[in-house]
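One structure is given below, encoded as C-alpha cells.
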Amino acid sequence: MLDSMRQFKAGVFQALGHPTRVAIAECLSRGEMSVSGLSEAVGVEQSNVSQHLAVLRNKYLVETRKDGNQIFYRLRDPLLADVLEKMRQYFFAHMNEAMEVLREEQNGAANAIQEKTP
C-alpha cells in the first residue's frame, strides 16, 4: 500500500479522533445542519462546535453552504457515513465477544463456588 494512502487514512482518523467530531459527523450523516442545530444535537457550545467543524473542514470531511447569514454543513462524501456505520457494527461485534467472555467467567466463578460449598 502506498505511504500516501496511509497518510490519508491517518489524517481522516485523526480528524475523527475526538468524540465530539464523531458525533458531529454522525449528525451530518442524516443531513445538513447549521452550527446552532449541531450545537443542540451534540450538546456542546456553538463555539466548541465551530472549532471541531474547522478540524473536519481542514481534512475535507465536511463542506458548507451559505444561505443568507447562516452556514449549513454537510458531509463532503456520504461514504464517511458508511465508515461510521461500519465502526458501529465493529464495536457491537466485539462488544458481543466481550460480553460472552464475561458470561463464561461468571459461570466459571459460580461453578467454582458451588464446588467449594459442602
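Considered as a group, the residues in segment 17-46 that are outside any loop (DSSP other than H, G, I, E, B) and among the hydroxyl-bearing types (Ser, Thr, Tyr) include one that is nearest to residue 80 (Cα to Cα), and that residue is 20. Scanning segment 1-16 for residues that are surrounded by 11 or more Cβ atoms within 10 Å (Cβ to Cβ) and assigned to a loop (DSSP other than H, G, I, E, B) turns up just one, 16. Looking across segment 3-56, the residues that are free of Cβ contacts under 8 Å to residues at least 12 places away in the same chain and either more than 19 Å from residue 79 (Cβ to Cβ) or of a type in the set (Asp, Glu) (or both) come down to 3, 19, 36, 37, 39, 40, 43, 45, 46, 47, 51, 54.
When segment 60-83 is limited to residues that are closer than 15 Å to residue 16 by Cα and of a type in the set (A, V, I, L, M, F, W, C), the one that is surrounded by the fewest Cβ atoms within 10 Å (Cβ to Cβ) turns out to be 79. Look at (1) acidic (Asp, Glu); (2) surrounded by fewer than 14 Cβ atoms within 10 Å (Cβ to Cβ); (3) touching a strand residue (DSSP E or B) at 6+ places or on another chain (Cβ under 9 Å) and you find that residue 32 fails only one, number (2). Going by the structure shown, is residue 57 surrounded by 11 or more Cβ atoms within 10 Å (Cβ to Cβ) and basic (Lys, Arg)? Spelling it out, residue 57 is indeed surrounded by 11 or more Cβ atoms within 10 Å (Cβ to Cβ) and basic (Lys, Arg).
Bear in mind that the values in this text are calculations on the coordinates, not laboratory data. Note that the structure is a prediction, hence the values are computed from the model and not measured. Cβ coordinates were reconstructed from backbone atoms using ideal geometry, including for glycine residues, and neighbour counts include every protein chain displayed.
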